[in-house]
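Report on the following structure.
Values in this text are rule-based calculations from the coordinates and carry no lab data. Quick caveat, the model's predicted, so the values are computed rather than measured. A quick note on method: Cβ atoms are made from the backbone with ideal geometry, for glycine too, and the neighbour counts reach across all protein chains shown.
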Amino acid sequence: MRKLSFGRAINEALDQEMGRDDKVFVIGEDVAQMGGDFGVTQGLWKKYGEKRVKNTPLSEAAILGIANGAAMAGLRPVAEIMFADFITECYDQLVNNSAKVHFMFNGTVTCPLVVRTVNGAGFHAAYHHSQTPEAWFLNVPGLYMVAPSTPYEAKGLLIASIRNDNPVIFLEHKLLYDMEGEVSEEPYTVEIGKAKVKKEGKDATIITSQRMVYLALEVAEELSKEGIQLEVIDLRTLFPFDKDTIFDSIAKTGRVILINEAPKTGNYVNEISQTINEEMFEFLKAPIKRITGLDTPTAFAPKLENYYLPGKKDIIEEVKEIVEY
Amino acid sequence: MNLSKRVLKELYYNMVLIRDFEDMVDKYAKKGYIPGFIHLSTGQEACQAGVMLTLKETDYKFPDHRSHGVCLLSGTPKERVLAEIFAKKTGISGGRGGSMHILDIKCRNMGFNAIQGANMVTCLGTAFASQYNNTQDVTAVFCGDGTIGRGEVHEGMNIAAKWKLPIIYVLVNNEYAISTRVESVHSYPKNLSDRAWGYCIPNEVIDGNDVIAVYKASAKAVKRARDGEGPTVLELLTYRWQGMFSGDPAAYRPKDEVKIWKEKRCPIKRLREKMISDKIFSAEEVDELNKQSLEEIEGMLKYAIESPEPEPQDALKYIYAGKEVEGR
Ligand SMILES: Cc1ncc(C[n+]2csc(CCOP(=O)(O)OP(=O)(O)O)c2C)c(N)n1
Ligand SMILES: [Mg+2]
């Protein structure tokens with residue numbers, strides 16, 4: 001199969017959906033001529049014109065305001081927020097508007113919009129360009145959040161998100177943009193709400209997403225040499241998360257490690273942990289473990305940033321602890 | 001431009017209807033029939049009646065929190081507006097929103113967003129959709145003098161002007177944001193809406209209790225927007241007779257001030273006197289309109305009171321399109 005980078009796979013999804021449905025439009029800062037800060041929307045302005053690829057000033061609230069109003073009026077906006085950290089500037093529109101449109105209108109109006117945004121540490125970009133925002137939205141019914149880890153899934157999940165009638169926050173990890181992978185040329189969807197078992201194993205389950213999936217796979221590979229068989233689950237959709245896949249795995253392994261880049265307190269994975277605790281307690285052979293960022297902002301200096309992020313060593317230690325528990 | 005008899009009659013009737021509606025809502029709120037916050041627009045009827053009569057059903061409307069009149073005049077069955085305020089299942093939003101959130105996509109009432117100022121960017125989206133789909137529909141957004149302090153106002157006006165979006169900003173300047181007087185917290189040249197100059201948006205400052213002036217200015221702004229010439233800010237100078245909400249004693253205002261507005265500047269009395277002295281309507285004809293309004297209110301009230309409350313499980317509906325949410 002043909003190979004594409006993660007960024008180009010997203011670009012192809014946008015292109016194909018804009019070609020299929022003239023209600024789809026793209027809006028954000030520098031998304032037109034320049035093609036976005038990370039080049040993801042390149043070529044769309046030339047192909048679809050000013051009408052459907054809208055550059056805005058630095059006005060995140062307005063970007064989401066336009067997306068909300070247009071979605072309520074029947075269009076299908078795809079908004080780009082340059083960095084996930086800036087989503088605080090349009091947080092109100094997402095939390096108090098997008099998420100509630102369907103409810104407020106008593107089911108007569110939907111809010112089919114996608115917010116694409118760039119998250120994640122490891123880019124030495126310091127605390128205002130490195131955050132991972134899932135927990136900020138976890139407590140808001142009405143939103144979906146999707147976070148692919150491969151080019152194939154990036155394309156399929158974005159197409160599914162654009163076609164979905166709910167507001168979807170679509171996370172793109174900045175360190176994955178250049179990763180290459182096989183991507184079918186024709187349009188296709190990957191189902192929202194379904195996780196994927198990336199590697200099967202019987203001793204413990206690692207549940208994670210985005211870039212941390214690769215770290216987990218490396219650890220799994222290494223530990224298999226020592227006879228520990230880890231199962232690795234890529235969530236792909238962060239919420240609603242795929243309970244079935246998670247529970248099936250736990251029924252088999254009885255041990256769980258949750259990995260996420262954001263700070264530990266109030267981390268998104270805590271919700272998964274609590275759900276497992278409530279519904280799968282009798283299968284557990286050891287306490288559920290979290291490996292997360294520290295309870296600090298993400299610092300700039302590579303030494304500081306690396307200390308902040310979950311590392312291979314942290315994971316290996318925790319795995320050994322619960323396997324021997 | 002002299003307004004036709006039909007237009008004058010409608011303006012008058014609509015103002016009276018809003019007044020009667022607000023008085024009735026106030027009464028039933030105090031009697032305990034209505035839960036939650038109620039913001040009354042008594043005294044500001046001309047702002048709503050004047051603007052609404054210049055709009056079509058396909059135009060998008062974003063009322064503010066003090067806009068029962070906008071919701072009544074959008075085209076929604078009026079009894080369902082009241083039933084919503086009464087927290088009934090038959091309310092236009094099934095009792096999910098109440099007084100502050102009366103929405104109806106059928107007549108493009110996009111509802112109030114209780115995060116003040118949020119609609120000042122959401123309104124860009126519907127206006128953009130009209131432009132995108134090449135329709136002539138405009139978007140009218142209501143906003144108070146206090147709310148103009150929100151950052152969204154700046155983001156919104158800048159883009160609306162640059163993209164020439166078909167928006168009518170209805171800035172209802174009633175001098176107060178809760179207890180805070182407008183000039184005590186805002187800096188502006190002469191008028192609050194003169195800020196629009198900074199965005200190259202024309203503004204007009206109008207006596208908001210002169211419904212004819214409001215109607216004419218709004219008609220002009222609507223035409224400008226339909227013709228693709230972009231947004232206008234209408235600053236309507238008015239005053240709320242009631243406190244911030246039904247039951248607020250509004251001790252922060254001088255009593256004389258309220259008295260002057262009530263006695264000397266009532267928008268309804270003003271039009272009534274004009275229509276009679278200009279011999280457009282006789283006093284009897286005007287009285288008949290007042291009577292009709294009360295009858296209409298009676299009908300709505302009966303419907304709202306007799307309607308059932310929502311089922312608790314209705315709260316689980318329409319969280320997501322195409323996905324159920326777990327109940328208790
Ligand atoms: C973002 C936000 N801040 C504060 C409030 C609380 N609040 C509701 S109305 C209001 C005053 C609004 O004043 P104005 O815009 O002048 O409208 P008026 O009540 O005079 O009609 C305040 C402070 C709110 N709802 N939303
Ligand atoms: Mg005010």
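To the nearest 10 degrees, how steep is helix A:312-323 against the longest Cα principal axis of chain A, on a 0 to 90 scale? Between the helix axis and the principal axis of chain A, the angle is about 50 degrees. Farthest towards the positive end of the charge dipole of segment A:3-182, among the residues A:GLY107, A:ALA9, A:ALA84, is the Cα of A:GLY107, using unit charges on the Cβ of Lys, Arg, Asp and Glu.
Helical runs assigned H by DSSP (4 residues or longer) give chain A a calculated mean residue ellipticity at 222 nm of -9500 deg cm²/dmol, each run adding -39500 (n - 2.57) before division by the residue total. Any idea what angle helix A:243-253 forms with the longest principal axis of chain A, computed on alpha-carbon atoms, 0 to 90 degrees, nearest 10? Roughly 20 degrees, rounded to the nearest 10. Qualifying trypsin sites (Lys or Arg not before Pro) in segment B:168-266, where qualification requires a DSSP coil assignment and no more than 13 other C-beta atoms within 10 Å, comprise B:LYS190.
Derived scalar couplings between HN and Hα for segment B:292-299 equal 4, 4, 4, 5, 4, 4, 3, x Hz in order, rounded to whole Hz, by the Karplus curve 6.51 cos²θ - 1.76 cosθ + 1.60 (θ = phi - 60°), x for Gly and Pro. Residues whose amide H lies under 5 Å from that of B:TYR320, counting only those 5 or more places away or on a different chain, are absent; hydrogens are built 1.01 Å from N in the peptide plane. If a/c stays under 1.5 just call it rounded; otherwise compare a/b with b/c (prolate if a/b is bigger, oblate if not). Do that for segment B:91-176, with a ≥ b ≥ c from the square roots of the Cα gyration tensor eigenvalues. Oblate, since a/c reaches 1.5 and b/c is not below a/b. Summary of the geometry: segment A:43-86 and segment A:169-211, compared by the centres of their Cα atoms, lie 25 Å apart. Each Lys and Arg Cβ is given +1 and each Asp and Glu Cβ -1; about its Cα centre, segment A:3-182 then shows a dipole of about 480 debye. Restricted to Cα atoms, the protein assembly as shown shows a radius of gyration and a Dmax of 28.1, 100 angstrom.
For a straight C-alpha distance cut-off of 24 angstrom, the lysines reachable from B:LYS259 (same-chain residues fewer than eight places away being disregarded) are B:LYS27, B:LYS30, B:LYS269, B:LYS274.
Close amide-amide hydrogen proximity is noted between B:GLY111 and B:ASP104, each under 5 Å apart and 5 or more residues distant or on a separate chain (H modeled in the peptide plane; Pro and chain starts excluded). If you count the DSSP beta bridges with both ends in chain B, what percent of them are antiparallel, to the nearest 5? In chain B, DSSP labels about 15 percent of beta bridges as antiparallel.
Fewest-first ordering of B:THR90, B:THR122, A:THR132 by other beta carbons within 10 Å of each residue's beta carbon gives B:THR90, A:THR132, B:THR122. Among the GluC sites (Glu not before Pro) in segment A:61-161, none sits in a DSSP loop with a Cβ that has at most 11 other Cβ atoms within 10 Å.
When the Cα convex hull of segment A:196-323 is projected onto planes of every orientation, the mean area is 7.4 nm². Averaged over peptide B:313-325, the number of partner chain Cβ atoms lying within 10 Å of each residue's Cβ comes to 5. Applying the criteria of a DSSP loop state and at most 12 other Cβ atoms within 10 Å to the GluC sites (Glu not before Pro) of segment B:1-47 yields no site. Exceedance of the 28 Å cut-off in Cα-Cα distance is limited, within the set B:LYS216/B:LYS264; B:LYS88/B:LYS223; A:LYS243/B:LYS106; B:LYS61/B:LYS164, to B:LYS88/B:LYS223; A:LYS243/B:LYS106. When each of the peptides B:310-321, A:54-65 is scored by how many other beta carbons lie within 10 Å of its residues on average, the order from highest to lowest is A:54-65, B:310-321. Kindly identify segment A:203-262 as rounded, prolate or oblate by the Cα gyration tensor criterion: order the square roots of the eigenvalues as a ≥ b ≥ c, call it rounded if a/c is under 1.5, otherwise compare a/b with b/c, prolate if a/b is larger, else oblate. Since a/c reaches 1.5 but b/c is at least a/b, the shape of segment A:203-262 is classed as oblate. Other protein chain C-beta atoms within 10 Å of residue C-beta, averaged over B:92-99: 3.
Cα centroids of segment B:178-249 and segment A:152-166: 43 Å apart. Using the alpha-carbon centroid of each, what span in Å lies between segment A:278-307 and segment B:250-299? About 66 Å separates the Cα centre of segment A:278-307 from the one of segment B:250-299. Of the residues A:ASN270, B:TRP261, B:PHE86, the one whose Cα sits farthest toward the positive end of the charge dipole of the protein assembly as shown, with +1 on the Cβ of Lys and Arg and -1 on the Cβ of Asp and Glu, is B:TRP261. In terms of its alpha-carbon gyration tensor, chain A comes out prolate; a/c meets the 1.5 threshold, and the first ratio a/b outweighs b/c.
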